[in-house]
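For reference, the structure is listed below as structure tokens.
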Amino acid sequence: MTEELDLIRNSVSRLFKENAEKKILDQAEQGKFPKNLWKTIKNAGYHEAWYGTGTDNLKIALVIAQESGRYSIPLPIVETMIARKLTHECEIDLAEDIVTISNPQSYDNLDLRNNILSGNVKGVPFGRFASKVVLSINEKLIIAPVTNTHMATNMAGEARDELSWNDCEIFVGDTLHPNEILLYGALMRTAQICGSLQHALEMSINYSTEREQFGRPLHKFQSIQNYLAKIASSKAIADSALLRATENPSESNIAAAKACASEAAGEVAALSHRIHGAIGFTYEYSLHHITRRLLSWREEFGAETWWHKNLGEIVVDRGPDKLWDLIVS
């Protein structure tokens with residue numbers, strides 16, 4: 001599967017690189033949905049990559065998520081993948097729809113009675129562009145139409161809208177624990193962060209190699225070398241944790257992966273801007289598309305402090321006899 005994944009990664013990377021130019025990212029930040037890019041991604045079948053079961057499907061989905069983060073794709077690719085994964089046994093066909101998910105941590109006064117939903121949720125990724133949203137209420141899978149939308153964005157300008165319902169009829173499916181949505185969301189955000197870390201490292205290396213100061217390239221200065229080394233090591237830790245979670249997507253492995261990735265996101269964003277100096281803060285230079293996503297995704301589906309606490313609770317629940325097994329696993 002490794003050789004196949006490399007081929008898939010190269011194909012996905014080439015498609016994103018050719019189609020996700022800075023102009024599209026800028027327009028998306030102003031609220032324009034990139035329809036042509038979404039059509040291209042749909043034709044490639046990326047939104048269906050995690051449909052069904054099996055670790056191979058998960059690995060492919062995470063490769064797509066990672067490359068989407070690398071190129072700052074302003075589309076609900078991972079959200080649609082998760083939604084289709086959660087609903088693949090339902091009778092509703094989501095194939096032609098833009099579907100999103102809602103983080104259970106953002107539910108606010110949701111009330112479900114006899115398939116009638118009232119209440120609101122905040123921070124829904126790309127909510128304004130979706131036709132449906134997948135939730136978990138009373139440990140049941142819920143597919144609700146997107147009706148009333150209060151538009152909002154995260155730091156990167158990505159749509160993170162508030163959705164509300166008032167006596168709205170919805171679809172109630174099989175059992176779905178809200179923690180499942182949280183873990184899937186955290187795993188996909190981890191992959192996206194790792195992709196952005198890769199791009200931040202590439203940009204920092206290229207800039208420090210090309211830019212000269214006091215008659216020599218920036219990368220010849222020891223402080224810049226230290227910054228690059230810290231970026232590379234933070235990225236390596238996050239990549240390693242993601243790889244482990246990919247091979248064994250348990251709650252503890254996903255918690256560790258998201259914690260490592262979120263921690264790396266903050267450090268790499270800061271160090272990248274230190275290396276680039278003033279130009280890194282200009283809107284015309286594309287570094288901000290990466291670093292603002294890193295800082296936004298760091299918080300979404302649980303920041304590192306939240307997952308550190310979650311890991312501590314897992315350790316306590318399993319007891320001292322299982323501690324070493326948890327560490328080495």
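The values are calculated or read from the model by the stated rules, or taken from the named source; none is laboratory data. Quick caveat: nothing in here was measured; it's all calculated off a predicted structure. A quick note on method: Cβ atoms are made from the backbone with ideal geometry, for glycine too, and the neighbour counts reach across all protein chains shown.
Here are the numbers:
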item	result
In the range 211-264, residue surrounded by the most Cβ atoms within 10 Å (Cβ to Cβ) [restricted to those that are among the β-branched types (V, I, T) and touching a Ser or Thr at 6+ places or on another chain (Cβ under 7 Å)]	I231
Matching residues in the range 63-90 - criterion: being more than 11 Å from the chain's Cα centre (by Cα) and among the acidic types (D, E)	E89
Residues that are hydrophobic (A, V, I, L, M, F, W, C) and under 29 Å from the mean Cα position of the chain (by Cα), drawn from the range 188-223	M188, A191, I193, C194, L197, A200, L201, M203, I205
Residues satisfying the stated conditions in the range 35-90, i.e. surrounded by fewer than 24 Cβ atoms within 10 Å (Cβ to Cβ) and small (G, A, S)	A44, G45, G52, G54
Residue in the range 165-180 that is in contact (Cβ under 8 Å) with a residue 24 or more places away in the chain and surrounded by 23 or more Cβ atoms within 10 Å (Cβ to Cβ) present	no
Criterion (among the small types (G, A, S) and under 16 Å from the mean Cα position of the chain (by Cα)) met by exactly one of A278, A270, A265	A265
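Quick grid of which residues meet (1) buried (at least 17 other Cβ atoms within 10 Å of the Cβ); (2) assigned by TED's automatic domain parsing to the domain that holds N154; (3) at pLDDT below 95:
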residue	(1), (2), (3)
A278	no, no, yes
H289	yes, no, no
L294	yes, no, no
W307	yes, no, no
N310	yes, no, yes
V316	no, no, yes
P320	no, no, yes
